[in-house]
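Beneath this line is the structure, given in structure tokens, with notes to follow.
What follows is calculated from the coordinates using simple rules that are stated; it is not laboratory data. Model, not experiment: these values are computed from the prediction. Cβ: placed from backbone, ideal geometry, glycine included. Neighbour counts: every protein chain shown.
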Amino acid sequence: MKILAWRTACVSAVIVAMTCAVPAWAGGAGFGDDDDNSEEEGPAYFGFVRDSNGATVPDAKVTVGVKGRGGVITRTDLLGTYKVPGFGKDVDPKDVEVTCNKPGYKQVRVTRRSAPSSDPKIPIETECTLQRI
């Protein structure tokens, strides 16, 4: 009887742990969940942080900032992805810089994969590459 109760408790604990871990593993909200940009908002910025071998880097700090005006700091999820909302329409996407870092790494490259569009609902993808030091 004790074995059955112990097994039931273990299975219940695993189910609860998996249920709680899924939103953290997936980065919480999905990329399309908050794409309703207001009329005053520019395009969102999203992308990946990878190491020089192409593996994703979880929990890297990503700074998305406007030259001379400040910015937003976020962290990558377990899949190495990040997303920040758009800045105002008055901000030229060419003035937005993305940097990334993580202890034990140095930034070697930032590649913008999609060009700014006239449609603010189309997000701008940027990939950041880190190298172990």
**Message:** Counting only other residues whose beta carbon sits under 9 Å from that of residue 66, what net charge do I get with K and R as +1, D and E as -1?
**Reply:** -1
**Request:** Please list 115-127, 54-66 highest first by mean number of surrounding beta-carbon atoms within 10 Å per residue.
**Result:** 54-66, 115-127
**Request:** Would you pull out the residues with amide H under 5 Å of residue 130's amide H, same chain only if 5 or more places away, H placed 1.01 Å from N?
**Result:** 50, 51, 52, 108
**Asked** In straight Cα distance, which lysines are under 18 Å from residue 89, not counting same-chain residues fewer than 8 positions off?
**Response** 67, 121
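In segment 68-117, which trypsin sites (Lys or Arg not before Pro) fall in coil by DSSP and have 14 or fewer other Cβ atoms within 10 Å? Walk me through the intermediate numbers first.
Numbers: sites: 69, 75, 83, 89, 94, 106, 109, 112, 113; in loops: 69, 89, 113.
Answer in residue order: 69, 89, 113.
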